[in-house]
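Each remark here refers to the structure printed beneath this line.
Each value in this text was obtained by applying a stated rule to the coordinates, not by laboratory testing. Remember, it's a predicted structure, so these values are computed and weren't measured experimentally. Counting neighbours? That spans all protein chains shown, and the Cβs are built from the backbone with ideal geometry, glycine included.
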Amino acid sequence: MLTVNAYAAPSATEPLVKTTIQRRDLGPADVLIEIRYSGICHSDIHTVRGEWGPIQYPQVVGHEIVGIVAEVGSEVSLHHVGDRVGVGCMVNSCRECENCLAGEEQYCLKGNTGTYAAVDLDGTITQGGYATHIVVVEDFVLKVPESIPFEAAAPLLCAGITTYSPLSHWNAGPGKKVAVVGMGGLGHMAVKIAHAMGAEVTVLSQSLSKQEDGLRLGADHYYATSDPATFETLANTFDLIINSVSALIDINAYLSLLRLDGTLVSVGAPAEPLPVQVFSLFGNRRSFAGSGIGSIRETQEMLEFCAEHGIAPETELVAADYINQAYERVLASDVRYRFVIDVATMA
Ligand code: NAP
Ligand code: ZN
Ligand code: ZN
């Protein structure tokens, strides 16, 4: 076992504290990664605060991980010591169900093994990326292209893939009108990726305070949802809406913005149900869908896409002892646009 420094939540209501955790001994197919940067996703906050259900404490979260391969198991062939690699939201899956065999292991029918707060194969609870090292089986480790700045690569492992996957699946591209609800960590990546795919992009934010940024990141239009006129102006407009909001919103108001056969995909995951009026779907034969992260194959594809298009998240690098303040700022929508922990400050 390897004892490593980490930041853990002691309970649902206390701040995260510096601690140590154990990483398993390297198995033949395992890779030991020295973590350099770890992104802060809103899911980390939902999880440690017990908003998605009870968890065991202490819990280390973090599933936007990049680092350097420090050691490889005897049978590892995909990665080498010194490689720049990444780990996202899952670290394993059953590998034999219909969805795993279809290469969609994020939808493993037995449940993929989450990078944190999940039961690992050995029965322990997985501990995430707010730590100096992690051990992960080689085929759940991604290769990070050299041209993506390392600290900016971290958020691609969740925010990047979670927005790339539905944009790709629902064919965002030339001639398509795509709206992004909420311009936070996921939302700002959705804007960049949808723009790079060639879609006409509209941001629907609570206010116009980030309008200049939104247009700079690739949006063609920017509207405030606090202004009721927005919903009249944009009625029946979009082919695809990506909802990245972490809180409850009036989903029916947003459904009314879809044109014929349009789809609203929720990637945002508030603790509360989002009540849908079926009549909101009847008009324009609309669809309401969800999407969870993306497969390992698609995550690698997304990394290559971002490298090719020069896309990287907008980040604010913070020291580990700033995590609790960063959480408060995420909750106040005061994030520009992803906090990334400099893991060197955990040493
Ligand atoms: P984030 O950085 O906090 O962004 C959320 C954005 O939603 C905020 O910046 C804000 O944008 C908007 N918002 C927040 N509260 C709101 C409210 N009360 N009403 C309306 N808009 C509000 O969070 P994130 O890290 O991007 O994550 C977003 C959500 O996606 C979380 O629920 C997270 O758990 C979930 N998630 C899901 C997956 C998946 O696989 N489906 C993966 C990762 C994350 P404006 O200021 O522009 O309004
Ligand atoms: Zn996440
Ligand atoms: Zn499976």
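Over the C-alpha atoms of the range 237-347, the Rg to Rh ratio, Rh being the Kirkwood estimate, stands at 1.07.
Quick one: Cα centre-to-centre distance for the range 88-158 and the range 229-302, in angstrom? The range 88-158 and the range 229-302 have Cα centres spaced 26 Å from each other. Taking every Cα-Cα distance in the range 88-202 and sorting them into 5 Å bins starting at zero, the pair-distance distribution P(r) comes out as 2, 11, 16, 19, 17, 16, 12, 5, 1, 0 percent.
One equal scatterer on each Cα of the range 46-128, no solvent, Debye formula: the resulting log10 I(q)/I(0) at q = 0.13, 0.22, 0.26 Å⁻¹ is -0.52, -1.17, -1.23.
Report note on the peptides 200-208, 329-337: ranked by the mean count of other C-beta atoms within 10 Å, highest first, their order is 200-208, 329-337.
The protection proxy used here, the mean number of other Cβ atoms lying within 10 Å of each residue, ranks peptides 190-198, 20-28, 253-261 as follows, highest first: 190-198, 253-261, 20-28. Put simply, the amide H of S266, placed in the peptide plane, has neighbours under 5 Å in N243, A289, G290, S291, leaving out anything fewer than 5 places away on its chain. For F238, nonlocal amide neighbours, meaning residues 5 or more places apart or on other chains whose placed amide H falls under 5 Å from its own, are L258, R259. Per-residue Karplus couplings for the range 210-217, computed as 6.51 cos²θ - 1.76 cosθ + 1.60 with θ equal to phi - 60°, are listed in order as 10, 4, 4, 4, x, 5, 5, 7 Hz, Gly and Pro entered as x.
Cα-based radius of gyration for the chain, normalised by 2.2 N^0.38 Å, reads 0.97. With contacts taken as Cα pairs under 8 Å and at least 6 residues apart, the chain reaches a relative contact order of 18 percent.
Lysine pair count for the chain with Cα-Cα distance under 27 Å and sequence separation of 8 or more or different chains is 7.
Electrostatic bookkeeping for D261 treats Lys and Arg as +1 and Asp and Glu as -1; over the other residues with beta carbon under 11 Å from its beta carbon, the sum is +2.
Note that the range 237-254 has calculated 3J(HN,Hα) couplings of 9, 9, 7, 8, 10, 9, 8, 10, 7, 7, 10, 5, 10, 7, 4, 5, 4, 6 Hz, one per residue in order, obtained from phi through the Karplus relation 6.51 cos²θ - 1.76 cosθ + 1.60 (θ = phi - 60°); glycine and proline are x.
Neighbours of R329, meaning other residues whose beta-carbon lies under 13 angstrom from its beta-carbon, give a summed charge of -1 when Lys and Arg score +1 and Asp and Glu score -1.
Could you work out [θ]222 nm for the chain from helices alone, using -39500 (n - 2.57) per DSSP H run of at least four and dividing by all its residues? Round to the nearest 500 deg cm²/dmol. Rounded to the nearest 500, the figure is -6500 deg cm²/dmol.
Highest mobility in the GNM of the chain, judged by mean-square fluctuation with C-alpha springs under 10 Å and restricted to L32, L156, L78, is found for L78. Coupling constants for the range 35-50 follow from the phi torsions by the Karplus curve (6.51 cos²θ - 1.76 cosθ + 1.60, θ = phi - 60°), and in residue order they are 6, 9, 9, 9, x, 9, 9, 4, 4, 4, 5, 3, 5, 5, 8, x Hz; glycine and proline get x.
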